[in-house]
Amino acid sequence: MKTKNHATALKKLPNPGFKPGTARKQLQEIFPDMELLFYKTALDKPPILNKAEMVLSQATELRKRADRIDAARHGVASSDPRIREIRRFKSTYRLTSNNLVELLALQGFEISRTSLSAYLQGNVKGTDVRLGFSAVGRIVEVDHVTDLYSEFKKLEARYSPVFKKLLSTDMRSLMQSWYLKLDIVSGSKERQLAKIIGVDFTSLFKWYQKNEFPMSIKTLLSITEKIQKHLASQSTLTTRSI
């Protein structure tokens, strides 16, 4: 379509009241390369693009978008065994990119979700030693992929056993195990648990009713640690009282 601006061109049309024949002629002069479709008359509805042209335009845009996604998923380093291993770990334990960012941050390895995604998609070469690439206040020891993989191995060794245990059951059963450990057997269990772990009781109620895990597995790790600390403190109090 050669018309520079559809909206501007429409403003050139006369106000309603002109004869349909004249309107069609003027529309064809303004849009010489477009087949005009009308409902009943030119005055009933505004002109629209030929349906075939619209479908072709939409298909072209979808193809371009798919090509961009496909290119991102198959970067030059997508077959790197280190990157594939990180993706496998992420998939096995149902982690999001945000989860990995959070867990890596706990180890002092700061990286943004966007940068991490670039690694996982294979768009960062192992030979890339540019200091400014995704490095936030840290020194590149070897190269970016090697450094990330090294941190990932630490993360895997530390959390794999925990992840396996946490995700080996459903959320409802996991919460029931918390109640059992904390000896919460009556009353509003969610409210009692909320006071111990510092999570809003409405969130606990939703997790239990829907039987779904929280968005971040970091939340489960935090809850586990708080329950352990609470039990340890209760044990100390009991020992002192004796």
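Roughly speaking, to the nearest percent, how much of segment 149-221's 1.4 Å accessible area is carbon and sulfur?
Here it works out to 53 percent.
Say R0 is 30 Å: what FRET efficiency, to the nearest 0.05, do Met215 and Ser188 get from their beta-carbon distance?
Using R0 = 30 Å, I get an efficiency of 0.80.
If I stretch the segment between Ser233 and Arg87 completely, what's the gain in nm (0.36 nm per residue apart, minus their alpha carbon distance), one decimal? Provide the component values of the computation, followed by the final result.
Values: separation 146, 0.36 × 146 = 52.56 nm, distance 3.86 nm.
Here the segment from Ser233 to Arg87 would lengthen by 48.7 nm.
Testing the spin-label approximation: label points 7 Å from Cα along Cα→Cβ at Arg172 and Glu110. State their distance in nm.
4.3 nm
Could you rank the peptides 184-197, 215-228 by their average count of other C-beta atoms within 10 Å per residue, with the highest value first?
Working: 184-197: 14.5, 215-228: 16.0.
Answer by packing, highest mean first, reads 215-228, 184-197.
What number comes out for accessible area per residue over segment 129-232 if the probe is 1.4 Å? Units Å², please. Working shown, then result.
Values: 6170 Å² over 104 residues.
Ligands and nucleic acids excluded, the result is 59 Å² per residue.
Taking R0 as 22 Å, what FRET efficiency do you get between Ser160 and Lys195 from their Cβ-Cβ distance, rounded to the nearest 0.05?
Between Ser160 and Lys195 the formula returns 0.10.
The values are calculated or read from the model by the stated rules, or taken from the named source; none is laboratory data. Quantities reported herein were computed from a predicted structural model and do not represent experimental measurements. Here Cβ is always computed from backbone atoms with ideal geometry, including for glycine, and neighbour counts include all displayed protein chains. Just the protein is used for accessible areas: all its heavy atoms, side chains included, with ligands, DNA and RNA removed. Shrake-Rupley method; radii C 1.70, N 1.55, O 1.52, S 1.80 Å.
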